[in-house]
Amino acid sequence: MIDIKGLEKAFEGHQVLKGINEHIEKGEKVAVIGPSGSGKSTFLRCLNLLEQPTGGTITFEGVDITDPKNDINRLRARMGMVFQQFNLFPHLSVRENIKLAPVKLKLMTKSEADQKALELLERVGLPDKADAYPKQLSGGQQQRIAIARALAMNPDVMLFDEPTSALDPEMVGEVLEIMKELADDGMTMVVVTHEMGFARSVATRVLFMDEGVIAEQNTPEEFFAHPQNPRLKEFLSKVL
Amino acid sequence: MEKFWADFVEKFNMAFITGDRWKLYLQGMGTTLELTVTALVIGVFLGIVVAVVRVAHDQQNPGKHNPALGIANAICKLYTTVIRGTPMLVQLLIWGFVIFKTSRNRFLVGMLGLGINSGAYVAEIVRGGLMSVDAGQSEAGRSLGLGYLHTMIYIVIPQAFKNILPALGNEFIVLFKDTSLVSSIGAAEILYYAEAVGAKTYEYMFPYIGIAVMYLLFCILFTWLQGKLERRLRQSDRH
């Protein structure tokens, strides 16, 4: 589904990603972990071109998204993204947050989008918040709405950029629960996370990034039980 | 002393009462307000266009340069530099006596001159407002598949608007006072009438002080309205 070849990204001479080759299959749930500054968020943000790669190619469903000739907006519409800081639109109600993109991109009529919004709110457990504004909601609720907003586009893959890192500890569980349900429904997911429990129980594959490369990857069982890379061993000893 | 008062009353009558001259001042103030509002509409429109072009240009991905946007950006930069680097009075004189020297409609020429001047300042206000919106907002919009313009129109500009409203209110007040300059090209706003009355009666004190008081009262009113609006906006922040 996503094929990454020789992906590089440099910021003003500083090489953050140093040639990443990776293939993500439909239905996979890939957890990306690693120390801060290892490039894991940059890697994720390159997948929908929020960061413009400085080298290599990314092919999504057979289309090279790094080729400027391809319409990135249409490709992004099929890739949902959830941010660390939620990034809900504060001037719009929850319902309008969810409806905005499907309606403006003419994928749904207003009433279809309304229907969809209510369905999704039901799914993330917030059916009574349709007319609330983001600021009236807790962080956990905002992130669940952000997930609903991304799902409204019926994406083929969901990208999560540290979705629980900005949350109070007691709210982490509710967001992870929604993500787990999403995974159980068969959604393809790439999740940059510090939640080792989530990586272990939900992911089908875990990547360890260090200094701009994928230093190790494995099934979650093997990954956590028998790490090989010395940096990974050190990392796991600190976080587990 | 008695003579002083008699003189005072006579001059006052000459300035405001004789021949219903007070109506001229009101008519002039009406024109002044019309000029202010229409020039601000032009200014805001120009300002938004210029600001969006400049921000869009600066936010292009490195290595991806749209040549049309480059040209538009250069024009916008030239516009703001020239307008902000020359006195408004000189600009108005050029509009009135060089570019549109044969035009009879001095109101329209004045409105255009003021609006084009205001646009350059509004552009900087709007640009600051657009840049004050968190980058995560446009990233969220773009990640949903919305294009640059859609993201600007539905996500960034509405949020920027709240931030720029106080500065825009200020611009309105500045513009209101600056309309007095268009009397120099013969647009019949309030200063124009005050000067006409003064020229007829050879007495300038009451006409000038009279309109100064009128300007002041309107400015106090606008400032009060602006404060009210700001408090209202802050309230809706708390949602």
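The numbers here are math on the coordinates, done by the rules we state, and not lab data. None of the values given here were measured: they were computed from a predicted structure. Cβ coordinates were reconstructed from backbone atoms using ideal geometry, including for glycine residues, and neighbour counts include every protein chain displayed.
Structural remarks
- Residue exposure proxy: B:149, B:93, A:44, ordered by other Cβ atoms within 10 angstrom of their Cβ from fewest to most, comes out as B:149, B:93, A:44.
- GluC sites (Glu not before Pro) restricted to region A:25-55 and DSSP loop, no more than 13 other C-beta within 10 Å: A:25
- Paramagnetic label reach from residue B:58 (point 7 Å along Cα→Cβ; backbone nitrogen cut-off under 16 Å): within region B:138-153, residues B:138.
- For residue A:89, net neighbour charge (Lys/Arg +1, Asp/Glu -1) across residues whose Cβ lies under 14 Å away: +4
- Pair-distance distribution of the protein assembly as shown: all C-alpha pairs, bin width 10 Å, starting at 0; shares per bin in whole percent are 4, 16, 21, 18, 14, 10, 8, 5, 3, 1, 0.
- Helix-only arithmetic for chain A: the sum of -39500 (n - 2.57) across DSSP H runs with n ≥ 4, divided by the residue total, places the mean residue ellipticity at 222 nm at -11000 deg cm²/dmol.
- Sorting A:32, B:156 from the fewest to the most surrounding beta carbons within 10 angstrom yields B:156, A:32.
- Label positions at residue B:108 and residue B:11, each projected 7 Å from the Cα along the C-beta direction, are separated by 4.1 nm.
- Listed from fewest to most Cβ neighbours within 10 Å, the set B:134, A:3 follows the order B:134, A:3.
- Rounded to the nearest 20, the size of the Cβ-charge dipole of region B:142-239 about its Cα centre is 620 debye, with Lys and Arg at +1 and Asp and Glu at -1.
- In Hz, Karplus ³J(HN,Hα) per residue of region A:85-98 (6.51, -1.76, 1.60; θ = phi - 60°; x = Gly, Pro): 8, 6, 6, 5, 7, x, 8, 10, 5, 4, 4, 5, 4, 6
- Placing a label point 7 Å from the Cα of residue A:59 along the Cα-to-Cβ line, the residues of region A:1-41 whose backbone N sits under 11 Å from it are A:1-5.
- Between B:80, B:38, B:18, the GNM of chain B built on Cα springs shorter than 10 angstrom shows B:18 fluctuating the most.
- Separation of region A:203-240 from region A:119-183 is 27 Å, based on Cα centroids.
- In this rough spin-label picture, where each label sits 7 Å from Cα along the Cβ direction, the residue A:240-residue A:52 distance is 4.2 nm.
- Note on region B:127-174 and region A:1-75: Cα centroid distance 28 Å, given to the nearest whole angstrom.
- Calculated FRET efficiency for the pair residue B:132/residue A:15, C-beta based, R₀ 56 Å, to 0.05: 0.95
- Candidate cross-link partners of residue A:110 among the lysines, defined by an alpha-carbon separation under 26 Å and a same-chain spacing of 8 or more, comprise A:99, A:129, A:135.
- Simple spin-label estimate for residue A:1 and residue A:78 in nanometres, 7 Å along Cα-Cβ: 1.1
- Summed residue charge, Cβ within 13 Å of residue B:36's Cβ, Lys/Arg positive, Asp/Glu negative: -3
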